[in-house]
1. Any residue in segment 501-521 that is in a helix (DSSP H, G or I) and in contact with a strand residue (DSSP E or B) (Cβ under 9 Å, 6 or more places away or on another chain)?
2. From the list Ser296, Ser247, Ser239, Ser254, which one is part of a helix (DSSP H, G or I), at pLDDT below 80, hydroxyl-bearing (Ser, Thr, Tyr) and farther than 30 Å from Ala55 by Cβ?
3. Taking the residues in segment 403-436 that are assigned to a loop (DSSP other than H, G, I, E, B) and among the charged types (D, E, K, R) as candidates, determine which candidate is nearest to Ala538 (Cα to Cα).
4. From (1) surrounded by fewer than 20 Cβ atoms within 10 Å (Cβ to Cβ); (2) farther than 30 Å from Arg114 by Cα, pick out the condition that doesn't hold for Leu463.
5. What single numbered condition from (1) in contact with a Ser or Thr (Cβ under 8 Å, 6 or more places away or on another chain); (2) surrounded by 16 or more Cβ atoms within 10 Å (Cβ to Cβ); (3) not β-branched (Val, Ile, Thr) fails to hold for Ser561?
6. I'd like to check something: does segment 525-539 contain any residue that is over 30 Å from Asp216 (Cα atoms), of a type in the set (D, E, K, R) and assigned to a helix (DSSP H, G or I)?
7. Restricting the search to segment 362-382, which residues are over 27 Å from Glu506 (Cβ atoms) and either among the aromatic types (Phe, Trp, Tyr) or in a loop (DSSP other than H, G, I, E, B) (or both)?
8. Before we move on, is Ile345 under 18 Å from Leu507 (Cβ atoms), outside the structural domain of Tyr120 (by TED's automatic domain parsing) and either touching a Gly at 6+ places or on another chain (Cβ under 6 Å) or among the β-branched types (Val, Ile, Thr) (or both)?
Amino acid sequence: MNQKTQASTFQIFKQLLRILWKNNKTYTSLSVALCTVVGLATAAGTPIKQYFFEAAGHLPDSHKLGVVIGIGIFWGAVTLITLLLQGASDLLIEDLGVRLSGFLGKLVNIKAARLEPICYEDSTVLNSVNQAYTGVEQSGEIIQLLISLSAFNIPYFLFLSVYIYRIHPALCLGLLLVLLPTLGGQYLRTRYYEKLENYAAPLRREMEYYQACIADREYAKETRLLGAVYFFRKLHEVSILLFQKESWKTERKSSLVELGLRLLSLMVYLVILGLMYRYLQMGILGTAAFAAIFTSIDQMFNYMDYVQYCIGDISHYLPAVNNTLNFMKLPERKGETTELAHCGIEFNGVSFAYPGSENMILKDVNLSIREGETIAVVGENGAGKSTFAKLLLGLYLPKDGEVLIGGCSTREICPDVVFKKTSGVFQNFQRYKMSLRQNIGISDFASTQKENKLRQVIKEVNLEEKCCEMADGIDTMLAREFGGTDLSGGQWQRIAIGRGLYREHELIVLDEPTASIDPLEETRVYRQFAELSKDKTAVIITHRIGSARLADRIVVMGKGSIAGIGTHEELLKDNETYRAMFDAQAQWYQ
């Protein structure tokens, strides 16, 4: 995984605006333009006030009364229009934040789907995923603040700077002194919250897991039966306390910075007032200009309180959003996109270890699987069978050696090409909280409207009778928590196998999806599977000998290596490991 980089506020702002611009140019332009107009209109109030005060100073002159009234009406109209535009601008920018969260969330989902599956075995990457989704939630908030502050502040301060510079350049220095403490404070607070966010990600994952152990349907019955709710509640509370402790330290530092900024701003405010009073005494400032600038600067300092509040929020959100943008830069597996022919599979000296481990799960595996052949892979738990299946399907890449499909290395082929016309069913298959139709059709969603094919698969996996019993047939929701029904473990296993068969494939791998049913029923399921997989390359991963006998060849694995290859009879005769497994399981098939 790439080293994280901390981008500047400007770089993050630019990237977020680019995402908005790419997805909705008109709406983004209108929001920024409207906010800019509001900033200019607010600043324009200062010279209007000056002209009003100057005209009011000549009221004894009857000819000036109309001018004062006219300027007053114009000032009121500008103020009213500014307020209306401010309301419209706030509404547009708030909606823009919602849109950005949607756009960025979509990009993060796409990126997460493109990461190599092996990445999800790495806790560092899992922390990055958690941080990325946290940043998605906060991206809308930060873009609202950044657009509001930049599109408003830049024209607002530029206009006032030009106006005040024409009166006296020294007062412009005062405006600069107003901005510098705020910008410096934003830098410090961003560093504090960056550290907090990096500390919080693994804690958030822990809290989410412990909460699931207490309240989720999958865990609820077991945790209550074991009396483990209190145990998980204490773990959840400890995680919360650790997070709160670090948050308190960060908030304390941030509050001290904010206090220092407010004291500094007060000093600047007093210095500017002193300068203005001196220039008034020297005649450099007229009474009207003094009144106009004084009210504007007073308004500006009140506004800077709001700016500092916004800067605090930006500092809080910025590290999470930066983590999201860093997540988008994680490397993806690339490769050639040429059509891949499933005409045989080769394992050449394949070794594999999981991230962060030096322990080789597979060691120097060499194997050839012919096109159209049915292979069974057997071995005790921990022999490396499931890892072998993931390498075979191209989900994982070997650490050493190579896996060839149709003569092409999985290292050199685009993953989507490898997965095309490949199907697999795993022991830990998913029980999707969707309808029966969707649970099977999800494996080839482009074909979900092929009713005949769907019903044929349901019949092939012996779910036709159950389907007829359900209230809505194949459209029955398979989740009680969503008002539907649930199935037995064996029925869910048949759905998983049906899901694998429904997908168009030339290679299919079953990695012990029937492990929780009895051996005789498993053998019947695999016998049916073997019939359905004729002329397809099929691999059955199992630790039960009865199912393995259906294959053309059996591969025996032990401690990450191949301990033997042959037919059932050949292995019984020549392979001690296989013979020991058969003798231990013989009573299952008597």
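The values are calculated or read from the model by the stated rules, or taken from the named source; none is laboratory data. Note that the coordinates shown come from a computational prediction; the quantities given were computed from them, not determined experimentally. All Cβ positions, glycine included, derive from the backbone under ideal geometry; neighbour counts span all protein chains shown.
1. Within segment 501-521, one or more residues are in a helix (DSSP H, G or I) and in contact with a strand residue (DSSP E or B) (Cβ under 9 Å, 6 or more places away or on another chain).
2. Sole residue among the options that is part of a helix (DSSP H, G or I), at pLDDT below 80, hydroxyl-bearing (Ser, Thr, Tyr) and farther than 30 Å from Ala55 by Cβ: Ser254.
3. Restricting to residues being assigned to a loop (DSSP other than H, G, I, E, B) and among the charged types (D, E, K, R), the top hit is Lys421.
4. For Leu463, the failing item is (1).
5. Here Ser561 meets the rest and fails (1).
6. yes
7. Hits for segment 362-382 are Glu380, Asn381, Gly382.
8. yes
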